[in-house]
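Structure, as structure tokens:
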Amino acid sequence: MFRRRSYDVSFKTPPDLTVTPVDFSMFHPLDHSILMCRDMPGGRRQHAQMRWLQLVKPVLRTYTACKVGRHRPSQWTRFKDNKPFTVGVVCADCGRELAREQPV
């Protein structure tokens, strides 16, 4: 009747956690209305684009695509004593586990 979707569960190497400096001169916070962001970097256009990417799109995807089984796989890594301990795959939008936790 329904075929179970198979996901690519090949694990990548753990991320590099070295600290790099952050340039805060282009930071555009989302704690104000779109009408008040003329003085912020990027202006209203960047405000609307960031609001869509960070707030609206994941929620909309969770309510539509994830409900019918179209998940977006994302790998996570758990560290123990600053070394990779386990890895797993979950949906980036709804958090559903797509592959079991695996030791590194």
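The values are calculated or read from the model by the stated rules, or taken from the named source; none is laboratory data. For clarity, every value in this text was computed on a predicted model and none was experimentally measured. With ideal geometry, Cβ positions are generated from the backbone for all residues, glycine too; neighbour counts draw on all protein chains shown.
Summary of values
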{"item": "Of the criteria (1) exposed (fewer than 14 other Cβ atoms within 10 Å of the Cβ); (2) without any contact (Cβ under 8 Å) to a residue 40 or more places away in the chain; (3) touching a strand residue (DSSP E or B) at 6+ places or on another chain (Cβ under 7 Å), which one residue 90 fails", "result": "(1)"}
{"item": "Qualifying residue in the range 68-83 (condition: farther than 29 Å from residue 16 by Cα and exposed (fewer than 12 other Cβ atoms within 10 Å of the Cβ))", "result": "yes"}
{"item": "Residue ID - farthest from residue 11 (Cα to Cα), chosen from residues in the range 78-104 that are at pLDDT 90 or above and among the β-branched types (Val, Ile, Thr)", "result": "90"}
{"item": "Total residues in the range 27-39, condition surrounded by 10 or more Cβ atoms within 10 Å (Cβ to Cβ) and either modelled with pLDDT under 80 or in contact with a Lys or Arg (Cβ under 7 Å, 6 or more places away or on another chain) (or both)", "result": "5"}
{"item": "Sole exception among (1) closer than 29 Å to residue 99 by Cα; (2) polar (S, T, N, Q); (3) surrounded by 10 or more Cβ atoms within 10 Å (Cβ to Cβ) for residue 46, by number", "result": "(1)"}
